[in-house]
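In what follows, a structure is listed as structure tokens, so that the remarks can point back to it.
The values are calculated or read from the model by the stated rules, or taken from the named source; none is laboratory data. Here the structure is a predicted model, which means the values were calculated and not measured. Please note: Cβ atoms are built from the backbone with ideal geometry, for glycine as well, and neighbour counts cover all protein chains shown. These area figures cover heavy atoms from the full protein model, side chains too; ligands, DNA and RNA do not enter into them. Shrake-Rupley method; radii C 1.70, N 1.55, O 1.52, S 1.80 Å.
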Amino acid sequence: MIALARYLPLLAASLRRKRLRTFFTVASILVAFLLFGLAESMRFALQSGVEVAGADRLMTMHKVSFTQLLPASYESRIKSIDGVVAVTPQTWFGGWFQDERNQIPTFPSKPEAYLRIYPEIRLPEDQKQAWIADRAGILIGRSIADLFGWKVGDTVPLRSAIWPREDGSETWDVTVRAIFDLPNGGDTRQIVMHQDYFDEGKQYTKGLIGWYVIKVADVDRAQAIGRQIDAMFANSPAETKTSSERAMAQSFMNQIGNIGAILSAIVAAVFFTMLLVTGNTMAQSVRERTNEIGVLKTLGFSNPGVLGMVLGESVLVTVIGGMTGMLLALWIGVQFEPVLKQYLPGFRVPPSAFVEATLYMVALGLVAGAAPAWQAMRLRIVEALRRD
Amino acid sequence: MSAQPAPVDGRPAIVRIRDLVKEYRRGAEVVRVLDGLSLDIAQGDFVALMGPSGSGKSTLLNLIGGLDRPTSGSLEVEGLRIDQLTEGSLTRWRADHVGFIFQMYNLLPVLTAERNVELPLLLTNLDREQRQRRVDAALKLVGLEHRAKHRPRELSGGQEQRVGIARAIVTDPTLLLCDEPTGDLDRKSGDEVLTLLEALNDEYGKTIIMVTHDPHAAERAHRVIHLDKGLLSEDRR
Amino acid sequence: MRLTATVNQFLAVTAMNVRNLPSRLGTSLVAVVGIGGVVAVLVSLLSMGEGFRAALDLSGRDDVAMILRGGSADELSSNLTREEHDVIVLAPGIVHDARGPIASGELYTIVDLPMRSTGTGANVPFRGVGERAPALREDFRIVAGRMFRPGQNEVIVGRGVFAQFGNVDLGQEVTWGSQTWRIVGVFSAGGSVSESEVWTDIVVLRGVYRRGNTVQIVRAQLESPAALAQVRARLEHDPRLNVSVRSERAFYADQSRILLALIKYVGTTLAVLMGVGAVFAALNTMYSAVSSRTREIATLRALGFGAAPVLTSVLLEAALLGLIGGVLGGVLVYFALNGYQASTLNWGSFSQLTFAFTVTPRLLVTGLWYSLILGLVGGLLPGLRAARMPVTAGLREL
């Protein structure tokens, strides 16, 4: 292998023969692998969304439809199950502010249970205590604070598209008591309200909530506990269906459609084109060098050696283009990850994609260079020298 | 009917050819380029091969150099029957024992002069330093050490040919085979090249076989062999 | 005269190029495939968007108003009381007939049914409708069985539901939660989104889902599309109400907004990126085309042919290769994907929406334009080089 390094200057020089052509070929391969890198980043990010969802968190919804409400009384019964660490009810509040297009995911919940269930949430201790103490207080995510310029202590008129208050108005006056961050990625675009404040203030369906979020102590027992919960409420007027947060995220992705297949199809089409481009370049290059190849053979380069040389050139082209493309994708991922972190946590090229890409690069180079290399190998010296 | 091989004045015959036949297929036709040639060439000799176009002189050169295989007959170089070697062995033998000099120089345009000269050494076990030393020596011998980093397009025809000679000798081969080495050069450059070849023969004892149609070049050789229609027709000293 | 001479030169050079083409088939193929591939991907993605829009467009009438709670982006989160409903249906601009205003207060929920294709469950809209609902749908017809009876646990299913999902044969009973419902009919509604829904009497649904006397949305027939402004003015400024009034068409257009924007974003980025790659491939092709004919071009120029005909002929060849690629790419996608049924999550209604990839002529033309542009860009630099090459340099190649 090290001995082969001595041939590198020769290979590189051959590529410099027609600089423009080599450049364009390398450039197209670069674009192809940039696409591949970005597609893999997208795939990874979408899958991360599922990963970030906890396997030790369950969601219990109304069995018929998630648009149906559940009794608040279920909370204590769920809490009593062995292995359950914390339970909080949640409801879709339908919050908006100023403009009805500014929809903000808002969830009335039980504060202490909520914080225990989502330990990845980071907020200062004093703010945390302030929020727990104030019934009309809200916990908001960093992006909400940045978006509207809210600060701790601000009272904001949050409006609900669904839930009017007892006095008929749909404006809920709440005070920002705490701002949270998600350092490991995730959606900070949400508001958490006190369930008690919500239940007392709303006009109808008191005592009813949307769904429960449950944290279990042992991931391995999650499924069993889920079944236990559903069994507890079977044959009641409000039957439940419990699944893990991760399973829900996955099935949500599935409902969107097979994005992975689409990405793969596109990338495959692009690679096929690259095969043609590189193959053509190598074929031309060999055709032009018939005489030179003859000379190399007279000097003692063997037929298999010439085959190897052409393949080497081909692989050199694809690897240079491919590596540059992948590095560019990596750079783009690093640049854009902070921006995309909200919607797509983890938008970057995973290491496995690099391994896959390298295999593709080498395979592409070998396949594209195969026919020209074969031709070069089979070239008879006497004929080759005769050609100009 | 071929002339009898001339005696080689006591020096060992480095090349021994007996009844060599070479046929080419051109479509349905079969052309016999060499018709049962027999010839001996002594070690350290400087031989010119002459003859009209189609006489087979280039073909003979190619066969001696192992670039092509005879249809029948025996071809022995330094006691080795090269007509019986496999493709791979022949290639290796050629790398070690033969240096070629072409009419059109045939340098790789993408490489500098010294990289061109280095090419045959890439096939050996020598490391970079050793290779560089040999390259430097070869270029010095042909008087082009100050042009080592130039590309072929920056050199004159004569200089290119001298680089070609340097490349041919860098492996210290047994045989130097030249196909019309001065064919593309002006008188002055051609003379320089021929002087160089003479020096290689006189001082370094290289056996040189040169195909040429230029009587002026043939004069420099020690022995002139004429070929006609695939057979030896004349053999002078 | 000058013009004729130029045209003649141009034709002569082009003829030479075309005659020369077969020997450069390999390289030319590269440009064709490269550009064709880009067009194929672009048209595929756009046809997905078209199909989606078509599925929703069919459902949007501009003479039907959709009234929801102010601030609600979709039916699910809206909520209107009985009193509000009664005020709304009396707004001027809404059609009345002998039975009263043609308006339907509706409840929108989601239930689960197994898809026939995969056997796994998916969201299906379960809508509680008022008596006037059929009048508000385009071409509503019961195609099998009968309409549900008010007050009963009976449902009718849309044609699309009947085709896509299991457990909905006529006479079959289905259990959702603690209630059992009987399927008594199948309806069609002009191919609109309603055909993906299951309907029942709103009064029954209200009771089962404990919605009191509320509705989520009011659909109302407008006297004319222009009447929308009138209704909106009256209702959105009424101090007793907090509603938003939109035409059905605008409402559905909004629903598809997210997905269409996503497709446009992603599609454009992809097309541009791939286009760059294709241009490099085309540049390769055209540079090699030019360099293989250096001698001929030089000769022509030595004979007095101008630079313009040379440049134009190279551009023409490049454009031609691009167009061929565009045609091939478009045709390929048309035959492979047009009409292909797929479904995805409709963010607006949070349920599956079936659509078909729709390759429209307009899309194909867009693809062709793009392929033309790519070809021209790929031919420009090589063309300039050919046109400006010093004649002597070219002749030296002889």
Practice item. Please find, within region B:111-131, the residue that is modelled with the highest pLDDT out of those that are closer than 19 Å to residue A:294 by Cβ and open to solvent by 40 Å² or more (accessible area, probe 1.4 Å). Key: B:115
Practice item. Can you confirm whether region B:193-205 contains a residue that is in contact with a Phe, Trp or Tyr (Cβ under 8 Å, 6 or more places away or on another chain), part of a strand (DSSP E or B) and under 25 Å from residue B:94 (Cβ atoms)? Key: no
Check your understanding: Among (1) in a helix (DSSP H, G or I); (2) under 25 Å from the mean Cα position of the chain (by Cα), where does residue C:26 come up short?
Key -> (2)
Practice item. Looking at (1) buried (at least 20 other Cβ atoms within 10 Å of the Cβ); (2) within 12 Å of chain A (Cβ to nearest Cβ); (3) at pLDDT 90 or above, find the lone condition where residue B:151 falls short. Key: (1)
**Study point:** Among residues of region B:79-103, those that are assigned to a loop (DSSP other than H, G, I, E, B) and within 8 Å of chain A (Cβ to nearest Cβ), counted
**Key:** 1
Exercise for review: Mind listing whichever residues of region C:185-201 are among the aliphatic types (A, V, I, L, M) and open to solvent by 10 Å² or more (accessible area, probe 1.4 Å)?
Suggested key: C:193
**Study point:** Pick from region C:87-104, criterion part of a strand (DSSP E or B) and open to solvent by 10 Å² or more (accessible area, probe 1.4 Å), ranking: nearest to residue A:66 (Cα to Cα)
**Key:** C:103
Review point. Within the group B:38, B:89, which residue is open to solvent by less than 60 Å² (accessible area, probe 1.4 Å) and farther than 26 Å from residue B:181 by Cα?
Key: B:89
Point to revise | Selected residue (only one of A:66, A:33 is within 14 Å of chain C (Cβ to nearest Cβ), touching a residue at least 12 places away in the same chain (Cβ under 8 Å), open to solvent by 10 Å² or more (accessible area, probe 1.4 Å) and more than 13 Å from the chain's Cα centre (by Cα)) | key: A:66
Point to revise | Unique residue being open to solvent by less than 60 Å² (accessible area, probe 1.4 Å), under 30 Å from residue C:49 (Cα atoms) and within 14 Å of chain A (Cβ to nearest Cβ) when the list is C:321, C:363, C:283 | key: C:321
Review point. Of all residues in region A:272-292, how many are at the interface with another protein chain (Cβ under 7 Å from one of its Cβ atoms), open to solvent by 10 Å² or more (accessible area, probe 1.4 Å) and more than 25 Å from residue A:6 (Cβ to Cβ)?
Key: 5
Review point. Residue B:106 versus (1) at pLDDT 90 or above; (2) within 16 Å of the chain's Cα centre (by Cα); (3) not in a helix (DSSP H, G or I): which is the lone unmet condition?
Key: (1)
**Study point:** Only one of B:51, B:73 that is at pLDDT 90 or above and in contact with a helix residue (DSSP H, G or I) (Cβ under 9 Å, 6 or more places away or on another chain)
**Key:** B:73
Check your understanding: On the given criteria, is residue C:29 open to solvent by 10 Å² or more (accessible area, probe 1.4 Å) and without any contact (Cβ under 8 Å) to a residue 60 or more places away in the chain?
Key -> yes
Study note, to complete from the structure: Within region A:93-113, the residues that are within 12 Å of residue A:191 (Cβ to Cβ) and crowded, with 18+ Cβ neighbours inside 10 Å are A:93, A:94, A:95, A:96, A:97, A:103, A:104, A:106, A:107, A:108, A:109
Exercise for review: Quickly run through region C:215-240 and pick out the residues that are within 11 Å of chain A (Cβ to nearest Cβ) and either touching a Phe, Trp or Tyr at 6+ places or on another chain (Cβ under 7 Å) or crowded, with 19+ Cβ neighbours inside 10 Å (or both).
Suggested key: C:216
Study note, to complete from the structure: Restricted to region C:75-118 and to residues being small (Gly, Ala, Ser) and in contact (Cβ under 8 Å) with a residue 24 or more places away in the chain, the residue nearest to the other protein chains (Cβ to nearest Cβ) is C:78
Revision key, fill the gap. Note on region A:36-61: residues open to solvent by 30 Å² or more (accessible area, probe 1.4 Å) and of a type in the set (S, T, N, Q) are A:47
Check your understanding: Looking at (1) more than 13 Å from chain A (Cβ to nearest Cβ); (2) open to solvent by 10 Å² or more (accessible area, probe 1.4 Å); (3) not in a strand (DSSP E or B), can you tell me which one residue C:211 breaks?
Key -> (1)
Revision key, fill the gap. Expected output for region A:368-388 (first residue more than 14 Å from chain B (Cβ to nearest Cβ), partner open to solvent by 70 Å² or more (accessible area, probe 1.4 Å) and not hydroxyl-bearing (Ser, Thr, Tyr), Cβ below 9 Å, 6+ apart or cross-chain) is A:372/A:287; A:373/A:366; A:375/A:287
Review point. In region A:1-14, is there at least one residue being within 14 Å of chain C (Cβ to nearest Cβ) and either more than 17 Å from the chain's Cα centre (by Cα) or crowded, with 22+ Cβ neighbours inside 10 Å (or both)?
Key: no
Check your understanding: Is there a residue being within 14 Å of chain C (Cβ to nearest Cβ) and under 34 Å from the mean Cα position of the chain (by Cα) anywhere in region A:137-154?
Key -> no
**Study point:** Matching residues in region A:196-250 - criterion: being under 30 Å from residue A:169 (Cβ atoms), free of Cβ contacts under 8 Å to residues at least 60 places away in the same chain and not in a loop (DSSP other than H, G, I, E, B)
**Key:** A:200, A:201, A:202
Review point. Is it the case that residue C:312 is at pLDDT 80 or above, within 30 Å of residue C:73 (Cα to Cα) and in a helix (DSSP H, G or I)?
Key: no
Review point. If you take the residues in region A:183-217 that are of a type in the set (Lys, Arg) and open to solvent by 10 Å² or more (accessible area, probe 1.4 Å), which one is nearest to residue A:136 (Cα to Cα)?
Key: A:206
Revision key, fill the gap. Subset of region A:293-308, residues open to solvent by 20 Å² or more (accessible area, probe 1.4 Å) and assigned to a helix (DSSP H, G or I), comes to A:303, A:304, A:305, A:307, A:308
Exercise for review: Tell me, please, whether a residue that is open to solvent by less than 40 Å² (accessible area, probe 1.4 Å), modelled with pLDDT under 90 and over 18 Å from residue B:42 (Cα atoms) can be found in region B:229-237.
Suggested key: yes
Review point. Do we have residue C:299 as assigned to a helix (DSSP H, G or I) and surrounded by fewer than 19 Cβ atoms within 10 Å (Cβ to Cβ) here?
Key: yes
Study note, to complete from the structure: Pairs returned, first residue in region C:240-251 that is in a loop (DSSP other than H, G, I, E, B), second residue that is surrounded by 20 or more Cβ atoms within 10 Å (Cβ to Cβ) and aliphatic (A, V, I, L, M), beta-carbon separation under 8 angstrom, 6 or more apart or interchain, are C:241/C:88; C:241/C:235
